[in-house]
1. Restricting to the chain, compute how many DSSP beta bridges are antiparallel as a %, nearest 5.
2. Calculated from DSSP H runs of 4 or more alone, at -39500 (n - 2.57) each and per residue, what is the 222 nm mean residue ellipticity of the chain, nearest 500?
3. Write down the radius of gyration of region 261-350 and its Dmax, each obtained from C-alpha positions, in Å.
4. Per residue, how much accessible area does region 272-340 have with a 1.4 Å probe, in Å²?
5. Mind checking the per residue accessible area of region 1-155 for me, 1.4 Å probe, whole number of Å²?
6. Using only Cα atoms, what is the ratio of the radius of gyration of region 1-48 to 2.2 N^0.38 Å?
7. Peptides 34-46, 221-233, 270-282, 126-138: what's the order by average Cβ count within 10 Å, highest mean first?
8. Carbon and sulfur atoms: what percent of the 1.4 Å accessible area of region 208-350 do they account for?
Amino acid sequence: MRFAVIGAGTIGQLRAQSIRTNPDTELLVVADPTIAQAERAVAGSSAKAVADWRSAIDMAGVDAVMVSSPIQFHEDAVLAAFAAGKHVLCEKPLANTVEACQRMLDAARAAKKTFATGFNHRYYPSMKFLKQAVDDGRIGTVDHVRIFGGHDGLHNFRADWQYKSPVSGGGAMMDVGIHMTDLARFVLGEVSEVYGVATNRVWSVPGSEDNALAIFKSPSGVAAVYQATWTEWKGYRFFVEVYGDKGMVRGYYAPMSNLLVTQDKPGGPRKKTRKLYPEIMVREKLKSWTSTALVSFEDELVDFLKMTRGEKTNLADGLAGFRAVEMANAVYQSTQSGLPVKLSQQAAQR
């Protein structure tokens, strides 16, 4: 499969690299308005570097498009790619409004092409271990989930568009929290109702919350307790904990680790299993966090190829991207009304 990459920032560079190292894919073109960035992404290959993303999508031979540009440019590129009959993988968040996400979904269905969202945290080893433990029934019937993601503030951003609404679409929930929102749904299976409170008393960026706390409820009544924050004094980290009637499992990053607690029955003797990933810790110390992101992108790409063939994978589809933005917006609505918000099944499925 032959790819165009739109956007050659830090993530776009890694996306291009993942395509170049996969024997089943070929990088044809990288587009970025800063042409030097595009040239860096294609250096040493036969791929072309261009400034105009439209010309990249229209280039002869392109089968699929990876969109890794800033969020405010996602919709135009995704709609153009589907109009040209290409498969699409778009970085998270899909867009800064629910309506834009819906237009992308509609375009994908009209084009009958694969639409995926770049929720690469699903591919982190600690999250894969957690999901497998839940799916295998090692903790019994799931009772509830706890999920947290955060860092310590605005100095972590490379550009102000990443955190200033309305371009960003919101604050902590549209930043580190968007991955957590997806992981909550990944574990629960689906989310039908949201209740939450978003505040911005610390950084005071208009329209961009620095803290959000919420409860996500599945159609069967299983709840996830969620927090996204820009005021985490320990710095960047996230975790997911899933509790069942026969134990619990925890996936953590950074550093990467797992804890699995199992018991034959509630109140029975407990067995604890801890899993560490020293090779990842050493690799990140030598090469930075981008080395872990690259491995996850390579895994995502393998599943993207499978998805285009109609095979079932753990890759987040377009609906997952829509839902994550919809859930964040439901917290904003709930903050204003003080009431839970039911998610619209019809809107996503039309």
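1. Working: 46 of 73 bridges.
If I count the DSSP bridges inside the chain, around 65 percent turn out antiparallel.
2. Result for the chain: -11000 deg cm²/dmol, rounded to the nearest 500.
3. Computed over the Cα atoms of region 261-350, radius of gyration and Dmax are 20.2, 49 Å.
4. 52
5. 39
6. Numbers: Rg = 9.4 Å, N = 48, 2.2 N^0.38 = 9.6 Å.
For region 1-48, the normalised Cα radius of gyration comes out at 0.98.
7. Details: 34-46: 15.5, 221-233: 19.6, 270-282: 12.8, 126-138: 17.8.
In decreasing order of mean packing, 34-46, 221-233, 270-282, 126-138 become 221-233, 126-138, 34-46, 270-282.
8. Values: 3940 of 7180 Å².
Roughly 55 percent, rounded to a whole number.
The values are calculated or read from the model by the stated rules, or taken from the named source; none is laboratory data. Worth saying up front: this structure is predicted, and the values here are computed from it rather than measured. Every residue, glycine as well, gets a Cβ built from its backbone with ideal geometry; the counts of neighbours run over all protein chains shown. SASA here: full protein model, heavy atoms, side chains in, ligands and nucleic acids out. Shrake-Rupley method; radii C 1.70, N 1.55, O 1.52, S 1.80 Å.
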